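Here the structure is laid out as structure tokens; the discussion comes afterwards.
The values are calculated or read from the model by the stated rules, or taken from the named source; none is laboratory data. These numbers were taken from a predicted model, which means no experiment stands behind them. Ideal geometry is used to build each Cβ from the backbone, glycine not excepted, and the neighbour counts take in all protein chains shown.
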Amino acid sequence: MRKLVFSMLLLALTGNTAFAQKDDADAATPGPEICARMQASTIFIPDKAGNRKKGSAGKLTEAHRNAEKQGWDFDEMSIYIEDGDLQGFFVTYTRPHPCNKK
């Protein structure tokens, strides 16, 4: 009986290593290159209270112009408030991923 159990155990172990080697070979085979459709970039624009002449509106406009020059499109803006005070803005820009350009 012990020989039978030992034989079955040995057979199971050798079978598993053969499958593991096949899985390793499959994992080493490169698949098709996956390319993201879009790229996204989020920046933070701080707002300093009391400095309204060079405030957020000017900084946002400048950020939009710089992003547009680099091919980014405005996507979304979130206001960041901490302890009831405006701290700044998170602005997200997107553009087609470079590998999608033909």
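Go over the candidates 28, 20, 36 one by one and state the one that is over 20 Å from the mean Cα position of the chain (by Cα) and modelled with pLDDT of 65 or more.
28
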For region 69-102, how many residues are over 16 Å from residue 38 (Cβ atoms) and out of contact with any Leu (no Cβ under 9 Å at 6 or more places or on another chain)? 11
